[in-house]
Amino acid sequence: MNTALIIVDVQNDFCEGGSLAVTGGAQVASDISKYLNDNRSRYDIVVATRDWHIDPKDHFSDSPNFSTTWPHHCVAESRGAEFHSNLNDVCSFNEKIDVIVSKGQFTAAYSGFEGATEKGESLTSILRDKGITNVDIVGLATDHCDRATAIDAIKEGFKVNLLLPLCAGVAPETTVAALEELANLGVVISKSL
């Protein structure tokens with residue numbers, strides 16, 4: 001198979017009620033749970049990425065511009081940084097994932113490829129050690145961290161498939177722009193599962 005599933009940032013602060021809520025985030029969490037329960041055997045490895053901010057410097061702002069600065073979100077060890085409970089709707093999420101990659105501890109980070117495990121392993125090295133050639137990407141948000149993770153996966157030489165029904169974007173116009181950019185880079189945009 002040589003395929004990995006990368007679940008991007010399905011955390012409380014990015015779902016309804018969170019400090020940077022994406023409309024439909026909680027539903028995406030439920031849908032990923034169902035998909036993972038039914039399709040876990042399709043993947044050699046399942047990785048979950050998370051924003052895990054300790055002191056991200058000027059990434060946080062009390063007057064954010066929502067481009068380079070943001071409200072406080074996904075502070076390490078906070079409820080907002082926890083994976084959304086809907087990920088456990090159908091499957092035992094923690095039993096279905098193999099690796100958690102944390103990003104953004106001390107600086108802004110959007111791509112899962114900018115993070116590392118608690119042992120300091122990069123996402124690239126984890127995937128290469130497993131012989132992965134293809135990655136499926138799901139999660140939040142299509143126009144930000146999904147986009148950045150897909151771009152970096154392409155740069156690292158992986159074949160990338162964005163499973164659009166298992167993603168949600170922040171805004172329609174930036175989501176459309178992100179999908180066009182990704183398609184132009186060679187990312188497959190799957191509109192059905």
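Were the residues from residue 171 through residue 156 laid out at 0.36 nm apart, the gain over their Cα-Cα distance would be 2.6 nm. Placing a label point 7 Å from the Cα of residue 105 along the Cα-to-Cβ direction, the residues of the range 48-78 whose backbone N falls under 16 Å from that point are 49-57, 75-78.
In this label model, residue 192 and residue 95 are separated by 3.2 nm, measuring between points 7 Å along each Cα→Cβ vector. Averaging the sequence gap over all C-alpha pairs within less than 8 Å and six or more residues apart, then dividing by the number of residues, gives the range 1-128 a relative contact order of 29 percent. When you filter the trypsin sites (Lys or Arg not before Pro) in the range 82-169 for DSSP loop state and at most 11 other Cβ atoms inside 10 Å of their Cβ, you are left with 119. Can you tell which of 131, 28, 94 lies farthest toward the positive end of the dipole of the chain, using +1 and -1 charges on the Cβ of basic and acidic side chains (Lys, Arg; Asp, Glu)? Of the listed residues, the answer is 131. Longest segment of the chain with no chymotrypsin sites (Phe, Trp or Tyr not before Pro) in a DSSP loop having at most 13 other Cβ atoms within 10 Å? In the chain, the maximal stretch lacking such sites is 107-193. Helix 172-185 and the longest principal axis of the Cα set of the chain meet at an angle near 40°.
Within the range 1-101, the GluC sites (Glu not before Pro) that combine a DSSP coil assignment with at most 15 other C-beta atoms in a 10 angstrom radius are 16, 77, 82.
Inter-label distance, residue 27 to residue 62: 3.7 nm, where each label sits 7 Å from its Cα along the C-beta direction. Under the classification rounded if a/c is under 1.5, otherwise prolate if a/b is larger than b/c and oblate if not, where does the range 1-78 fall, given a ≥ b ≥ c as square roots of the Cα gyration tensor eigenvalues? In terms of gyration-tensor shape, prolate. Could you tell me which of rounded, prolate or oblate describes the range 3-190, using a ≥ b ≥ c as the square roots of the eigenvalues of the alpha-carbon gyration tensor, with rounded for a/c under 1.5 and, failing that, prolate when a/b is larger than b/c and oblate otherwise? Rounded, because the longest to shortest axis ratio a/c is under 1.5.
For residue 119, the aspartates and glutamates whose Cα comes closer than 17 Å to its Cα, not counting residues fewer than 8 places off in the same chain, are 51, 98, 129.
Given R0 = 25 Å, the distance between the Cβ atoms of residue 55 and residue 133 translates into a calculated FRET efficiency of 0.10.
Values in this text are rule-based calculations from the coordinates and carry no lab data. Everything numeric here is computed off the predicted structure, so don't read it as measured data. So basically every Cβ, Gly included, is an ideal-geometry build from the backbone, and we count neighbours across all protein chains shown.
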